[in-house]
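This report concerns only the one structure given below.
What follows draws every value from the coordinates through simple rules; no lab data is involved. The structure presented is a predicted model; accordingly, all values stated were derived computationally and were not measured. Ideal geometry is used to build each Cβ from the backbone, glycine not excepted, and the neighbour counts take in all protein chains shown.
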Amino acid sequence: MGMSSSFDISALVRQNILKLEPYSSARDEFSGSASIFMDANENPFNAPLNRYPDPGQLDLKRKIASIKGQPLENIFLGNGSDEGIDMLFRVLCEPGRDNVITVDPTYAMYGVCAQINGVERRSVLLNKDFSLNPHAVLDAVDERTKLIFLCSPNNPTSNTLEREAMLKIIDGVNCMVVVDEAYIDFSKGPSLLSLLKEKSNLVLLQTLSKAWGYAGIRLGMLFAHPDLVGYLSSVKYPYNINTLTIERAMKGLEGGEQTRTWIKEIIEERSRLAEALELLTFVKVVYPSDANFLLVQVEYPAAVYHYLMNKGIIIRDRSSVPLCEGSLRITIGTKEENRMLMDALKTLQP
């Protein structure tokens with residue numbers, strides 16, 4: 001039951017959303033140029049922040065469209081990727097009836113959103129080497145499955161999922177497949193963005209939080225079929241992206257050269273840090289990484305974690321996560337921060 005580009009997205013959408021009359025502001029209804037705004041009960045003083053932001057974020061979407069080579073109508077912007085994830089649940093998943101599939105270990109928000117929205121989550125494990133088993137995922141799917149989440153490069157395992165395995169899933173199901181590419185800029189593998197035109201059940205998540213260095217402004221990008229973007233846009237709060245975020249994102253997206261420099265430096269530091277960690281006696285495995293962090297298996301992970309915390313160095317203990325037993329997750333810092341981390345770890349050796 002493969003997917004074709006004529007796939008009917010509305011067949012997946014919840015009945016109450018199909019019937020929804022979205023909130024509409026006068027600015028939504030008006031096109032043209034006006035100089036006096038008396039429609040939104042705004043304060044006439046303190047320009048420009050006295051005005052509500054553009055609910056459609058059109059200027060920002062145009063800029064993203066040109067950078068990503070995607071049509072405007074394929075783009076939904078959220079308050080971080082988390083908003084995009086939550087919107088997918090609210091548009092597609094009937095609480096108490098539908099289910100979603102996560103491939104674990106992975107980013108925890110997919111499961112948290114399922115729980116908040118009252119939607120069953122089915123967990124399928126990656127293989128021992130963190131590779132994707134498409135058959136196990138397909139076996140978990142039934143007619144009530146609405147979403148499958150694949151994170152590539154994956155958090156916390158730091159590897160890119162195999163393209164062929166992902167395609168097998170995308171082509172083999174009648175539901176939406178969400179590929180979260182938050183870390184794609186640090187990966188050798190290409191994004192799946194170029195497949196969006198032909199795969200209408202594909203949803204891609206990207207962000208300004210990682211490679212672009214803008215985690216603080218909370219801007220997530222969701223790329224999908226225009227029909228799905230339309231439903232998401234009718235469900236989101238009208239002014240979900242604030243004026244300050246729009247301004248900073250517009251400015252930040254000019255800095256492509258700076259971003260490429262950061263990515264290059266982070267990747268160089270990643271291999272330098274991996275080599276240094278491998279020399280420590282209590283480190284068992286440093287997993288190969290396609291992201292801006294390393295997953296490292298150590299002896300006594302809790303002790304190492306607390307020791308570093310007492311030194312004012314915060315990392316993530318992932319040792320209780322399936323398949324990541326004994327592992328810590330370390331974000332790549334600046335050259336100086338990485339050196340301080342290594343100095344602290346070296347004093348732990350016998």
Subject >> Residue-averaged [θ]222 nm for the chain, counting only DSSP H segments that reach four residues, each worth -39500 (n - 2.57) >> reply: -10000 deg cm²/dmol
Subject >> Cα-Cα P(r), the chain, percent of pairs per 10 Å interval >> reply: 5, 23, 30, 24, 13, 5, 1, 0
Original post:
Got a sec? Charge dipole of the range 299-346, +1 on Cβ for Lys and Arg, -1 for Asp and Glu; which of L308, T334, L323 is way out at the positive end?
Top reply: T334
Original post:
Rounded to the nearest 20 Debye, what is the dipole magnitude of the chain about its Cα centre when Lys and Arg each give +1 and Asp and Glu each give -1 at the C-beta?
Top reply: 400
Subject >> Mean Cα-pair separation over length for the chain, i.e. relative contact order, pairs under 8 Å, 6 or more apart, % >> reply: 18
Original post:
Which of the listed residues, F7, W262, V177, is farthest toward the dipole's positive end in the chain, when Lys, Arg count +1 and Asp, Glu count -1 at the beta-carbon?
Top reply: W262
**OP:** Can you tell me the alpha carbon radius of gyration of the range 219-350 divided by the globular rule-of-thumb value 2.2 N^0.38 Å?
**Re:** 1.39
Original post:
So in the chain, what percent of DSSP beta bridges are antiparallel if you round to the nearest 5?
Top reply: 50
**OP:** With springs connecting C-alpha atoms under 10 Å apart, model the chain as a Gaussian network and identify which of V137, V203, V304 has the largest mean-square fluctuation.
**Re:** V304
Original post:
If you add up the charges near V119, with Lys and Arg at +1 and Asp and Glu at -1, over every other residue whose beta carbon is less than 12 angstrom from its beta carbon, what do you get?
Top reply: +3
Original post:
Among K128, K197, which comes first, second and so on when ranked by fewest other beta-carbon atoms within 10 Å?
Top reply: K128, K197
Original post:
For W212, W262, what's the fewest-to-most ordering of other Cβ within 10 Å of each Cβ?
Top reply: W262, W212
Subject >> Lys, Arg +1 and Asp, Glu -1 on Cβ, resulting dipole of the range 257-346 about Cα centre, debye, nearest 20 >> reply: 100
**OP:** Could you point to the residue in V103, M221, M166 farthest towards the positive end of the range 95-244's charge dipole, with +1 and -1 charges on the Cβ of Lys/Arg and Asp/Glu respectively?
**Re:** M221
